[in-house]
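Structure first, commentary second.
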Amino acid sequence: MTVRVQTEDFDVGAEIARLRKGNPRVGAVASFIGVVRDLNEGDEVATLTLEHYPGMTEKSLKDIVAQAKQRWDVYDALVVHRVGVLQPLDQIVLVVVTSAHRGEAFKACEFLMDYLKTRAPFWKKEATPQGSRWVEARASDDAAAERWS
C-alpha cells in the first residue's frame, strides 16, 4: 500500500508497473487518473490550486486504502495526489488497485476515488477570469460516496 502527496507530476506507466511487479497472482489492474479541466461551472479555469495539511492528509489516505483492502480482495493499492498550483491538462490524482479479478479491483478503485472527491482533506481553489473561488463539493459526488456506507 502506497500513498503519496506531492507537487511533482507522476508517470502512470511506471507507477502501475512498480505496483504489479513480481506478483504473478495479479490478474486485474484498475486505475483512475484525474486531470485538471479548463472549464468548470461554465467558467474558464486558468489554474487549480490544491492545499492540504501535511501528515493529516497522508494518514487519512492510508486509512481509506486500508478500508478498501478490508472490503475487497485486493493485493495492493496506490494513491498519488498532487498539491500546489496546477494548470489545465495537468494530472491531479492517480489511483491504482491490483487484484486477482477485475470486479474487486474496479470496486476498490471507485471506492477510493469517491472518498478522495468527498472526504479527503484537500482544498481546491480555481483561478477564473471572474476571480478566485473555492471549489465546493458536488451533490452527485456525495451521492456516489453514500453507496459505500
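No value in this document is a laboratory result; all are computed from the given coordinates. Please read these numbers as outputs of a predicted model, since none were measured by experiment. All Cβ positions, even for glycine, are placed from backbone atoms using ideal geometry, and neighbour counts span all protein chains on display.
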Margin query: Please give the charge dipole size of region 60-115, origin at the Cα centre, charges +1 on K and R Cβ atoms and -1 on D and E Cβ atoms. Round to the nearest 20 debye.
Written below: 40 debye
Next item on the list: Could you please rank LYS107, LYS62, placing first whichever residue has the fewest other Cβ atoms within 10 Å of its Cβ?
Entry: LYS62, LYS107
Checklist line | Size of electric dipole in region 84-149: Cβ of Lys, Arg +1 and of Asp, Glu -1, about Cα centre, debye, nearest 20 | finding: 60 debye
Checklist line | If the convex hull is drawn through the Cα atoms of the chain, its volume per residue in Å³ | finding: 106 Å³
Notebook entry, point to check: Which Cα, out of ALA46, TRP123, GLN6, lies furthest along the positive dipole direction of the chain (beta carbon charges, K/R +1, D/E -1)?
Noted result: GLN6
Margin query: Please report the spacing between the Cα centers of region 1-62 and region 119-149 in Å, no decimals.
Written below: 16 Å
Notebook entry, point to check: Restricting to lysine pairs 8 or more places apart or on different chains, what number in the chain have Cα atoms under 27 Å apart?
Noted result: 18
Checklist line | Charge dipole (debye, nearest 20) of the chain; +1 at Cβ of Lys and Arg, -1 at Cβ of Asp and Glu | finding: 660 debye
